[in-house]
Amino acid sequence: MSAAGRGGAASWRILARPLMETVLNNHAQHHRVPQPLLLHGPRGVGKTSLLLHRLLPEWNKGPHITAYVDFSPDPSTPLPWAAATPGTSQAPIPTPSLSVLSDRLDQSLENLVNHAILLGKVGSRDIFTALNKWYGFSKTLHMIAGPTTRSSTNTTVSQLSLLWSKAVLSRMHKTGSKEIDSLLTSSSKKYSMEEVAYIKETVAALALAKEILEMQKHWRHKSVRHLNHTGSFSRSLANVATSWPCLLIEILSEASEVNFFQPKLVLNNIDILRKAISVDDSTIPASVYHDSLIWRIIALGANERCLPVLMVSSDSYYSYQAFWDFGFPDIFISRETFGWTLQEARLHMVSEYFSQTEWKVIDEVLGPNPRQLSEVYALKQRASKEIDCEDIVDAYLAYLQATVVNPAMESVLDILRKFASDAHQGKIPENRMFFGAPWRQPPRAENRRSSWAKIQLMDFVQSYANTEFGVNYLADDSLEILDDPAAVAMLEVGLLYAQRDPSFIRPVTRGIQRCLVRWLVHEKMQLSLEESIAFLWQRIFRGRSYRHLMKEVGYKY
């Protein structure tokens, strides 16, 4: 977040958040922990800024070193507010491939292991022990060692260790001197000949381990292709796909030592990894890769303790549903952030960035979202002095409407049209199409699905507005609103956020909320006579009503 100063005006700066920083620092200061930490919250509240500008500099000093992996398509720029449909005024978020994201993760972990090798915390024997613990690689090692060795199902650990040493020695002769030199020059320390030999052996052992796992993965290509064609699930194939990063995490966890080598792993925008695309049938689905990686991190932490892992997401799936999908409500250490409260925002913004009069307008229309405040401040700096704050806020709302909300609502309509198609193909579970549901009978004719989707979405937004944009989805333990395809679609594109505690579904920001009302009013004005009658019939006879799930009296974000 930055804004160019004008006439000596204050430049935008990242403000400290003592409580959240203390919580995250307490987790990161341990060399091994029993659980990963999940930091989640709506987009724009400053999670990435907090990491990049406040925490990561401290987590890379002294014995601390952090692998920061951002799964966003372009880590140098923040993600858009919401998903968009191709061809609209907002460019759609490009979905990266799973191979690109997995390579990004592997490279970051390999850099951590290389640092551990230079410190002498990881050796060839450590790699062999970690590999032999979980992977049967006797046959693979015999194939790599050459035809002079015979594979046996009864190979003892000592025999396997001897064969490993021979294979590492052979690999050392193949390892290029440039690779070792580049690793040595990355450190300012001068190494003795014995230390250089130790480092070269460990680098060769690490390359050998990677080759073994790649061979085992290659052997299962046909099984993976069959898995993708049938849509089934295989835990063994999922474990093979994540074998390399999980092996590196286990090696680093074993090597960690207080006040000497304390590695950490930060996975930002973890939700993008879950939604990545597979370029061919040779890799497992991204969701399976995502689940397997997290499952094995959880298992390592619960069984033996793991290096601190921090996962960051703006997807509300990680605020509630992910905890149940992975076992139970406390499977992760949950830390939810909503940025500043109104009082904190007023304390930081008034007098330094906005006057008291300007703040009253901004507070009423947009609320305290840090990213929106920074964007309004940047707009204020570029505007002429004759333009008042109300005009600036109106212009910003128009920008949100045209580039964020309207394209995202088009994406929601696409999702609802697909829901209607899936319903007639029997892909929607029967318990979701319960008797009396407003979305129970989508039209069979394809040319009527667009009108049906539009009426369904307008009905939902109208009922949501009637609840004053605050629905407690756990209020009656039925989770009924999470069966609503319109609610699920708006959560998916990022206009709504289902927070964990308290359990409300709300617009991401107050500015987005105002734009949703504008969208509803505009769509009502654009209805034809036939569509107006259909919408009125929907509201009277089959309309949604979520007033019994309204937020608590007095709650205001």
Given the criteria open to solvent by less than 30 Å² (accessible area, probe 1.4 Å) and assigned to a helix (DSSP H, G or I), does GLN538 qualify? yes
One residue from SER421, SER450, SER463 being modelled with pLDDT of 90 or more, in contact with a Gly (Cβ under 7 Å, 6 or more places away or on another chain) and not aromatic (Phe, Trp, Tyr): SER463
Qualifying positions in the stretch 445-494 - hydroxyl-bearing (Ser, Thr, Tyr) and within 24 Å of MET525 (Cα to Cα): SER450, SER451, SER463, TYR464, THR467
Testing GLU468 on (1) buried (at least 20 other Cβ atoms within 10 Å of the Cβ); (2) closer than 25 Å to VAL393 by Cβ; (3) in contact (Cβ under 8 Å) with a residue 40 or more places away in the chain, one condition comes back false. Which one is that? (1)
Do the conditions hold for SER528, that is, is it buried (at least 17 other Cβ atoms within 10 Å of the Cβ) and more than 30 Å from THR95 (Cα to Cα)? no
Can you tell me which residues in the stretch 227-260 are in contact (Cβ under 8 Å) with a residue 40 or more places away in the chain, open to solvent by 40 Å² or more (accessible area, probe 1.4 Å) and over 22 Å from GLU211 (Cα atoms)? ASN228, HIS229, PHE233, GLU257, VAL258, ASN259, PHE260
From ALA445, ALA486, grab the single residue that is surrounded by 21 or more Cβ atoms within 10 Å (Cβ to Cβ) and either of a type in the set (Gly, Ala, Ser) or modelled with pLDDT under 90 (or both). ALA486
Taking LEU520 as the residue in question, decide whether it is under 29 Å from the mean Cα position of the chain (by Cα) and crowded, with 16+ Cβ neighbours inside 10 Å. no
For the stretch 542-549, state whether one or more residues are within 12 Å of MET458 (Cα to Cα), among the aliphatic types (A, V, I, L, M), in a helix (DSSP H, G or I) and in contact with a helix residue (DSSP H, G or I) (Cβ under 9 Å, 6 or more places away or on another chain). no
If you go through the stretch 493-510 one residue at a time, do you hit one that is among the polar types (S, T, N, Q), within 25 Å of ALA398 (Cα to Cα), modelled with pLDDT of 90 or more and open to solvent by less than 10 Å² (accessible area, probe 1.4 Å)? yes
Criterion first (hydroxyl-bearing (Ser, Thr, Tyr), touching a strand residue (DSSP E or B) at 6+ places or on another chain (Cβ under 9 Å) and either on the phi < 0 side of the Ramachandran plot or free of Cβ contacts under 8 Å to residues at least 12 places away in the same chain (or both)) does SER319 satisfy it? yes
Enumerate the helices (runs of 4 or more DSSP H) found wholly within the stretch 91-145, keeping only those where 2 or more residues are hydrophobic (A, V, I, L, M, F, W, C), under 25 Å from THR185 (Cβ atoms) and open to solvent by 10 Å² or more (accessible area, probe 1.4 Å). 98-119
Evaluate the stretch 328-336: report whether one residue or more is over 17 Å from ALA498 (Cα atoms) and open to solvent by less than 20 Å² (accessible area, probe 1.4 Å). yes
Collect the residues in the stretch 34-70 that are aliphatic (A, V, I, L, M), assigned to a strand (DSSP E or B) and open to solvent by less than 10 Å² (accessible area, probe 1.4 Å), keeping them in residue-number order. LEU37, LEU38, LEU39, ALA67, VAL69
Give the stretch 350-370 a look and list any residue that's of a type in the set (A, V, I, L, M) and either in a helix (DSSP H, G or I) or under 31 Å from the mean Cα position of the chain (by Cα) (or both), or say none. VAL361, ILE362, VAL365, LEU366
Quick one: which of LEU347, LEU373 is open to solvent by less than 50 Å² (accessible area, probe 1.4 Å), among the hydrophobic types (A, V, I, L, M, F, W, C) and in a helix (DSSP H, G or I)? LEU373
Mind checking which helices (runs of 4 or more DSSP H) fall wholly inside the stretch 234-304 and carry at least 1 residues that are farther than 16 Å from LEU37 by Cβ and among the small types (Gly, Ala, Ser)? 235-241, 243-255, 286-304
Got a number for residues in the stretch 305-321 being assigned to a loop (DSSP other than H, G, I, E, B), within 22 Å of LEU474 (Cα to Cα) and open to solvent by 10 Å² or more (accessible area, probe 1.4 Å)? 3
Tell me yes or no: at least one residue of the stretch 447-463 is without any contact (Cβ under 8 Å) to a residue 24 or more places away in the chain and not in a loop (DSSP other than H, G, I, E, B). yes
If you check LYS217 against the conditions, is it basic (Lys, Arg), surrounded by 22 or more Cβ atoms within 10 Å (Cβ to Cβ) and closer than 30 Å to SER72 by Cα? no
Qualifying residues in the stretch 158-185 (those that are modelled with pLDDT under 85 and surrounded by 12 or more Cβ atoms within 10 Å (Cβ to Cβ)) - the one nearest to ILE144 (Cα to Cα): THR175
Only one of GLY367, GLY436 that is out of contact with any Cys (no Cβ under 8 Å at 6 or more places or on another chain) and closer than 26 Å to ARG542 by Cβ: GLY436
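The values are calculated or read from the model by the stated rules, or taken from the named source; none is laboratory data. Bear in mind the structure is a predicted one, so any value in this text is a computation, not a measurement. All Cβ positions, glycine included, derive from the backbone under ideal geometry; neighbour counts span all protein chains shown. In case anyone asks, the SASA skips ligands and DNA or RNA and just uses the protein heavy atoms, side chains included. Shrake-Rupley method; radii C 1.70, N 1.55, O 1.52, S 1.80 Å.
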